[in-house]
Each structure stands twice: as C-alpha cells, then as structure tokens.
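Below is one structure, written out as structure tokens, with a few remarks after it.
Coordinate-derived values only; no laboratory data. Just so it is clear, the structure is predicted and the values come from calculations on it, not from any experiment. Note: ideal-geometry Cβ built from the backbone for every residue, glycine included; neighbour counts use all protein chains shown.
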C-alpha cells in the first residue's frame, strides 16, 4: 500500500478531494467548479492553515485540516484547531486517519501552540484519545449552524 501524505494541491480537485467529504457529512455534494475551488485554494494562508491529504493511486483517500487562531488570552498565544478528518470507508482502519492527525499535530508544533483542540462525535472519542487527546473539563460543545 503506497500512500502519499502531503498538503493539498490544486490538482486534487480532479482526484476526488471534494467527493471525500460525503463520508464526513453524508450530504449530497454541491457542484463546485474548478474555478471556485481555485479561488478558495489560492485564498488559503499556508502559514495559518494546513490541509493534509492522503493520496493512493491518484485518488484522495483521506484528508484533514489544521488552522491556527491567535488568542489575546494567555499573553497572546496560538491555539490550533483540527477539523474535517475524513477517510474513505474502504481505507479506514489502516492508520491513515491517525497519520493525518499526527502530521497535523507536527505541523502545528513549530507555531508554538499552547493547545490543539477538535470537536468530534462521541463514537470517535476513543480514536483521538489513542493519539493523546483528552476530554476537556466541559464536555459540552455548542454550535450555531446556518
């Protein structure tokens, strides 16, 4: 199994990058043109955001994102957020998700983050705990969706 882990590239549009998100949200994909994808891709600040992909046989089989947030608390510091970890079901239980998360952690460390946080479904907590994440004091996460 030859899996390449790397940052998102513009050509990933044609390698199933957008389609992989169906397995995260279970919602129908919206039509996103190559032009729209390119605008978002080029608007990303690589010093603040890392989108990692796992590619095998010219197809994206997994992805995850980490972005940095500067906070005024704690004497001005940086917090990292990990989001959108998704692996194609045919490639789950192969260590791809763990590798992506570990690479995102490694990317964030040089930015001198004081913590890395993520939100996940209860059934995914054990996965993240194996990597070293712990549940916070407050187990409630609130969201506002539009």
> What ranking of 6, 98 emerges when the number of other C-beta atoms within 10 Å of each C-beta is taken as an exposure proxy, fewest first?
Replying inline: 6, 98
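What list do you get for 10, 104 if you sort them by fewest beta carbons within 10 Å?
Least to most surrounded, the residues fall as 10, 104.
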>> If the elastic network links every pair of Cα atoms under 10 Å, which of 63, 25, 78 fluctuates the most in the Gaussian network model of the chain?
In response: 25
> For the range 4-131, what class follows from the C-alpha gyration tensor (a ≥ b ≥ c being the square roots of its eigenvalues): rounded when a/c is under 1.5, otherwise prolate if a/b is larger than b/c, else oblate?
Replying inline: oblate
>> How much of the DSSP bridge set in the range 4-131 is antiparallel, in percent, rounded to the nearest 5?
In response: 80
> For 128, 114, what's the fewest-to-most ordering of other Cβ within 10 Å of each Cβ?
Replying inline: 114, 128
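For every helix of n ≥ 4 consecutive DSSP H residues, a contribution of -39,500 (n - 2.57) applies; sum these over the chain, divide by its total residues, and give [θ] at 222 nm rounded to the nearest 500 deg cm²/dmol.
The helix-only estimate for the chain comes to -6500 deg cm²/dmol at 222 nm.
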